[in-house]
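Down below is the structure, laid out as structure tokens.
The values are calculated or read from the model by the stated rules, or taken from the named source; none is laboratory data. Everything numeric in this text was worked out from a predicted model, so none of it was measured. Every residue, glycine as well, gets a Cβ built from its backbone with ideal geometry; the counts of neighbours run over all protein chains shown.
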Amino acid sequence: MYRGLKEKFNSWAQALRENSAPVVWIPSSCFYAERIDLPEGIQVPDVESFLLLELEQVAPFPVESLYYGYILDHPQVPTQALLYATYVERVRALMGQDLSLAFYALPDFFAFLPWLHTQNMGRYIFNGHSLALLVFEKGSALPSKVYSTFFKDAPTQGELMAAQQSLKQRYGGACAQQVHTVAHFELLKDDTLACFFTDDIGVPSVRKTLAQLWQADARDALFREAEIRKRSLDHKLWHGLTAGAVSVACLLGLTFMGSLGQLYLKNREIFLKKETERVERIEENSNLLKRLDQFAAQELRPFKMLEVLNKDRPNTLYFVSAKAEDLVEMLVDGIARSVDEVNTYKENLERHEDLASVMLDNVSSSGGTVRFSMKTRFKEGFERT
């Protein structure tokens, strides 16, 4: 048991130094992302529950069907969070065992956040196949918007510059000229992550704590909770057994240590052979990342539709359910304070450039609350990315 645990931890350290037990960077183009203001005085342990409620309000599908994570603007006293989500079953089907084998599974923009800006600014980041534009506001450490595009093959310099201009036009504001890239990463002995970049022009501290890593990890909550418990238990067992092994080694002397060393080396050789085979499988599965973008646009379209409906929604008008029909229509049930408020909201939507029609149905008033159903149909040219 002692040898097995020692080999396990040694293999983690060596494999991660060789990038063979990967931190998987998921392209930003796979995610729906939204910056959310947190209630004043909220405690860090309560943030995830609050964000889950927010996600349930904007997601037209159950939270259980999503991979999601978040990044805080400050580790101890947060005021904002960047919440992001994508689909569980789609990622599992495409990635196979890759995400479960990874030490961490993170969105590619995580390496750069939080990053406090003193002026309004757009920042480009590139991970080899995905280019993203993070839009920062003055005084904020998290982007208010994340625009992104995906390249099926590694882009040429010309293709990369054209993509920069396209993202800049969507943003419409000032952008930095540089494109920041994560050159490589290193998992430190305490399982925290250090990222290294291809430039040194103001990229913030890249040391990521365990709390930040698990908050940002995009895998489902049950997997993350089980993995945290497992690693914590393994570390405790390892430290306890290490102390016991030292005492035993002192009592048994050099002869025992020599035989133990020979046995360890033999088992180590067997382990490394198996680890090499596992690494080859990981490398094959990691190529599937390139296929994520083929599905991301269609699967994230309901989020874009709901974002349009939320843009002109009054604070006192709420949706209680939302359902996308054929990725063209959105059916919502909601409540409001008055019929006039519902009619005004409908008129505002009718003027929206992306909507072809807006129809109200089943408007009823009871006890000072108005309930309504609304069907909205989007134009054929409505953007899908």
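Some values worked out for this structure:
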quantity	calculated
Pairs where the first residue, in region 125-139, is within 14 Å of residue 35 (Cα to Cα) and the second is part of a loop (DSSP other than H, G, I, E, B) and of a type in the set (Phe, Trp, Tyr), C-beta under 9 Å, 6+ apart	134/115; 136/115
Neighbours by Cβ (under 9 Å, 6+ apart or cross-chain): first from region 35-56, over 22 Å from residue 139 (Cβ atoms); second of a type in the set (A, V, I, L, M) and in a helix (DSSP H, G or I)	48/221; 52/63; 52/221; 55/63; 56/63
Answer from 118, 156 - the residue that is within 19 Å of residue 79 (Cα to Cα) and out of contact with any strand residue (DSSP E or B) (no Cβ under 7 Å at 6 or more places or on another chain)	118
Selection within region 168-180 - touching a residue at least 40 places away in the same chain (Cβ under 8 Å) and either acidic (Asp, Glu) or surrounded by fewer than 12 Cβ atoms within 10 Å (Cβ to Cβ) (or both)	174
Members of region 60-98 that are assigned to a helix (DSSP H, G or I) and either at pLDDT 80 or above or buried (at least 22 other Cβ atoms within 10 Å of the Cβ) (or both)	63, 64, 65, 91, 98
Number of positions in region 358-380 that are within 18 Å of residue 313 (Cβ to Cβ) and small (Gly, Ala, Ser)	1
Residues located in region 123-152, provided they are among the hydrophobic types (A, V, I, L, M, F, W, C), assigned to a loop (DSSP other than H, G, I, E, B) and under 16 Å from residue 72 (Cβ atoms)	141, 142
Odd one out for residue 379 among (1) touching a Leu at 6+ places or on another chain (Cβ under 8 Å); (2) modelled with pLDDT under 90; (3) within 25 Å of residue 54 (Cα to Cα)	(3)
Among the residues listed as 354, 312, 293, the single one being in contact with a Phe, Trp or Tyr (Cβ under 8 Å, 6 or more places away or on another chain) and at pLDDT below 80	293
Cross-chain or 6+ apart pairs with Cβ under 8 Å, region 146-167 first and within 19 Å of residue 109 (Cα to Cα), then of a type in the set (Ser, Thr, Tyr) and part of a helix (DSSP H, G or I)	146/28; 147/171; 148/28; 148/29; 149/29; 149/166; 150/29
Some residue of region 25-41 being modelled with pLDDT under 70, more than 30 Å from residue 262 (Cα to Cα), of a type outside the set (A, V, I, L, M, F, W, C) and in the same structural domain as residue 129 (by TED's automatic domain parsing)	no
Condition met for residue 81 (under 20 Å from residue 212 (Cα atoms) and touching a Cys at 6+ places or on another chain (Cβ under 7 Å))	no
Count of residues meeting criterion [of a type in the set (D, E, K, R), closer than 22 Å to residue 74 by Cβ and either modelled with pLDDT of 75 or more or not in a strand (DSSP E or B) (or both)] in region 181-230	5
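To keep it simple, each residue is scored yes or no on (1) among the aliphatic types (A, V, I, L, M); (2) exposed (fewer than 15 other Cβ atoms within 10 Å of the Cβ); (3) outside any strand (DSSP E or B); (4) touching a strand residue (DSSP E or B) at 6+ places or on another chain (Cβ under 9 Å).
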| site | (1), (2), (3), (4) |
| --- | --- |
| 309 | yes, no, yes, yes |
| 315 | no, yes, yes, no |
| 323 | no, yes, no, yes |
| 327 | yes, no, yes, yes |
| 332 | yes, no, no, yes |
| 347 | no, yes, yes, yes |
| 359 | yes, yes, no, yes |
